[in-house]
1. If the Cβ limit is 6 Å and pairs must be 6+ apart or interchain, which residue in the range 226-238 that is among the basic types (Lys, Arg) pairs with which residue that is assigned to a helix (DSSP H, G or I)?
2. Looking only at the range 172-183, decide whether some residue is of a type in the set (Gly, Ala, Ser), surrounded by 13 or more Cβ atoms within 10 Å (Cβ to Cβ), at pLDDT 80 or above and over 29 Å from the mean Cα position of the chain (by Cα).
3. Looking only at the range 145-163, which residues are touching a residue at least 60 places away in the same chain (Cβ under 8 Å), touching a strand residue (DSSP E or B) at 6+ places or on another chain (Cβ under 8 Å) and assigned to a helix (DSSP H, G or I)?
4. Being at pLDDT 90 or above, within 36 Å of the chain's Cα centre (by Cα) and not in a loop (DSSP other than H, G, I, E, B) is the requirement here; does Ile466 meet it?
5. Read through the list (1) part of a helix (DSSP H, G or I); (2) under 30 Å from Ala351 (Cβ atoms); (3) at pLDDT below 90, then give the number of the only condition that Ala412 fails.
6. Can you work out which of the residues in the range 205-235 that are in contact with a Gly (Cβ under 8 Å, 6 or more places away or on another chain) and closer than 28 Å to Cys457 by Cβ is surrounded by the fewest Cβ atoms within 10 Å (Cβ to Cβ)?
7. Among the helices (runs of 4 or more DSSP H) confined wholly to the range 249-349, which include 2 or more residues that are among the β-branched types (Val, Ile, Thr) and touching an Asp or Glu at 6+ places or on another chain (Cβ under 8 Å)?
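The values are calculated or read from the model by the stated rules, or taken from the named source; none is laboratory data. The model shown is predicted, which means the values in this text are computed figures rather than measured ones. Reconstructed Cβ throughout: ideal geometry from the backbone, glycine too, with neighbour counts over all protein chains shown.
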Amino acid sequence: MTVIAHEPSGFEGSLVNVEVDIRRGIPGMDLVGLAAGAVKEARERVRAAIRNSGFEFPLDRVLISLAPADLTKEGAAYDLPMALALLGASGAVPDAGHPILALGELRLEGTVRPVRGVLPAVAAAIRAGIHRFIVPADNAAEARALRKGLVFPIRHLSETPLLLGLIREGSAPPDWRPPDGGAPLPFTRAAAYEGDLSELKGQARVKRALEIAAAGGHNILLVGPPGSGKTMAARRFVGLLPDMAEEDAVQVASLYSLSGLLGAGGDLQLRPPFRAPHHSASLEGMIGGGRRLRPGEISLAHKGVLFLDEAAEFRADVLQSLREPIEEAWVSLVRAGSVARFPSEFQLVMAANPCPCGNLGRKGKACLCSIQELQRYRRKIGGPLLDRIDIRVPVEPTPAEALLGPAGERGAAVRRRVEAAITLQGERYRREGGLGEGPRKAMSNARLEPGQVEEYCRLDGDGIRIFQRAVERLDLSSRACHSILKIARTIADLEAREAIGEEQVLEAVQHRRFGDGDEIWPDL
């Protein structure tokens, strides 16, 4: 019987063949194949679970091989595949007649516990031509998210003969339903409360910047004194984004599965993820890593939003580590003997005070920070990272009359405009095959390469004149010029205009002009 396990090394992971040889000799169990501590301990768990499930453990020498032999095997998910392979080799259960992917941790009395990484394991098996899966019952909904193959949920090891018999006969699981390709994803859940943009009183400039950022996939920085509404605005940004495509939703769910955050019911959702790590986050917590190389916050924010509140309070190395993932939409974690890659296509939203005490620029307040403190505080973000943020918005406290006034435009109305602009971009770039390969494929204005900017962000006569004047007067860098053109392209898309004119360029300059001189933030 061919039993396959899965090692979650990186986003896709690797399939592992579990082979068993039973020969005469002193009773015992040997395990080969570069197994780590938790896998070596599985020998005793498997032995106890087999006996307590009503099966006879072979009174011979048992050899279990995990191939490929040069891949480190970690975790308790190997318990069930090792037990199935051993039972099959001893003749205690019927041969399934088909390759099987099996995952699960065993308790000593035979109960099968859920494990992480089931969704990417099923995806890897499907790519390898394996279409029958035995997974813990608590992971069954997760395994069925791809709507391919037959998922056999197992609660206790004693159910093995029944499940293998069904597989051999070509029967479906008892609770199986034919997948409907036109139906929505098999399980969804409502996203956490996102808040509505109408709750943000006043702040017309901030709202407009959020709308443009959402429509074009642009990164955004909000700078203002404490209490001005930066965090409130940023937390309502994700509510302007459209639902994810099913393919993206499954990809995001795979990352959460690898991190053990998906939950027993699957928790697959179509709303974009929103991650807001604390400013004390470590480098490994942000980009991923650890002993088993798991996804970090930037990967958990894939296809969604990474919000860094009090951005200048983050460690400088943590902030600078975001530069390559922003450009590449992938993060590669290199460790001795292993390389893991995780997708990380996210929108970066940052909020920061103008100075450590927060009083710089506030009317009636005195800033107590020294010049050295200001320089050290502002240097945390640094020019290279700031250069990758298209939109920079100074935020001022909302006047009292605006706070007491009526609510503004509902977020649903803004999201409809955003969705229309995103659809327009998708159609434009899809005709060109996405204008790139792999994760660098441009399907939004923010991801246009320099050569693509020249092709798709052409200005009319008045637009060229205003653009040249702005570049000369503000002494903008080449990257800033490209940012202005991409923002102007997004503004034109929001207005369903093909041509980029004077008004679009002027508004784009206002959203990009701050931060290109000696000061990272403007004086408020």
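1. Arg236/Leu197
2. yes
3. Leu157, Thr160
4. Values: at pLDDT 90 or above: yes; within 36 Å of the chain's Cα centre (by Cα): no; not in a loop (DSSP other than H, G, I, E, B): yes.
Taking the combined requirement at face value, the residue does not satisfy it.
5. Tallying (1) part of a helix (DSSP H, G or I); (2) under 30 Å from Ala351 (Cβ atoms); (3) at pLDDT below 90, Ala412 fails exactly one: (3).
6. For the range 205-235, the residue satisfying everything is Lys207.
7. none
Okay, residues lined up against (1) aromatic (Phe, Trp, Tyr); (2) at positive phi; (3) modelled with pLDDT of 90 or more; (4) assigned by TED's automatic domain parsing to the domain that holds Pro325:
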residue: Arg417; (1), (2), (3), (4): no, no, yes, yes
residue: Leu435; (1), (2), (3), (4): no, yes, no, yes
residue: Ala442; (1), (2), (3), (4): no, no, no, yes
residue: Glu449; (1), (2), (3), (4): no, no, no, yes
residue: Gln452; (1), (2), (3), (4): no, no, no, yes
